[in-house]
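Some notes on the structure that comes next.
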Amino acid sequence: MTADVLILNRNFFALEVTTWQRAMSLLVLDRAIVVDDEYRTYEFADWVDLSQKIAEHPAGFVHTPNIRIAIPEVIALKFFEKVPRRQVPFTRRNIYQHYGNRCCYCNKHFPPADLNLEHILPRSRGGVSDWTNVVTACIRCNLKKGNRTPSEAHMKLVVQPSRPKWRTGAALLVRSPVPIRRSWQRFIDNVYWDAQLEE
């Protein structure tokens with residue numbers, strides 16, 4: 001069984017994705033409650049009772065000698081209110097979104113397939129791959145700049161390179177290729193994600 005469970009804080013902000021084993025432990029220890037698609041909450045005993053009436057469940061069931069318990073898709077911690085500070089991961093998708101799929105030299109919109117990641121100070125000259133040195137550029141501008149700095153190529157950036165700020169609603173950072181379950185969508189803002197929405 002490989003079911004993943006979304007953990008919320010007590011105010012229903014998404015915190016992280018965990019294993020079904022850890023989620024069940026939090027429920028049994030009375031540190032969390034189950035949250036369903038209608039925002040109804042269930043203590044562990046109530047969830048066990050409800051599980052006996054469910055014929056099928058997307059995440060599957062845990063079977064004990066006497067009962068079966070549906071694996072919840074979303075749980076909320078009972079005593080934790082904080083939302084951890086996050087940083088937007090440095091990924092191609094996030095860079096494109098940060099600059100709005102625009103070329104940072106000619107300021108025109110392009111589909112992602114027609115954009116490149118552009119090192120302001122070329123890597124061959126000691127430039128690093130981080131938020132302060134990488135922007136988006138169309139193929140034409142990227143070729144024009146070549147292995148030079150913008151000033152050497154007589155080109156000007158229309159934006160100041162920067163690290164994007166984590167958006168208030170984007171409380172979840174997925175660090176592994178876990179598919180985003182449809183039942184999680186209402187709790188997360190998937191502006192900055194490394195994972196794909198499940199089919």
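Read-outs: derived from the displayed coordinates by stated rules, not from any lab. Predicted model only: the values in this text are computed from it and were never measured. With ideal geometry, Cβ positions are generated from the backbone for all residues, glycine too; neighbour counts draw on all protein chains shown.
Can you classify the range 88-165 as rounded, prolate or oblate using the Cα gyration tensor, where a ≥ b ≥ c are the square roots of its eigenvalues, rounded means a/c under 1.5, and otherwise it's prolate if a/b beats b/c and oblate if not?
oblate
How about Lys144: which lysines have a C-alpha closer than 18 Å to its C-alpha, ignoring those fewer than 8 places off in the same chain?
Candidates past the 8-residue exclusion: Lys108, Lys156.
For the range 35-42, what does the Karplus curve 6.51 cos²θ - 1.76 cosθ + 1.60, with θ = phi - 60°, yield as ³J(HN,Hα) per residue in whole Hz, taken in order and with x for Gly and Pro?
10, 9, 5, 9, 6, 6, 10, 9
Give me the one-decimal nm value for the distance between modelled label points at Asp37 and Asp130, 7 Å along each residue's Cα-to-Cβ direction.
About 4.5 nm separates the two model spin labels.
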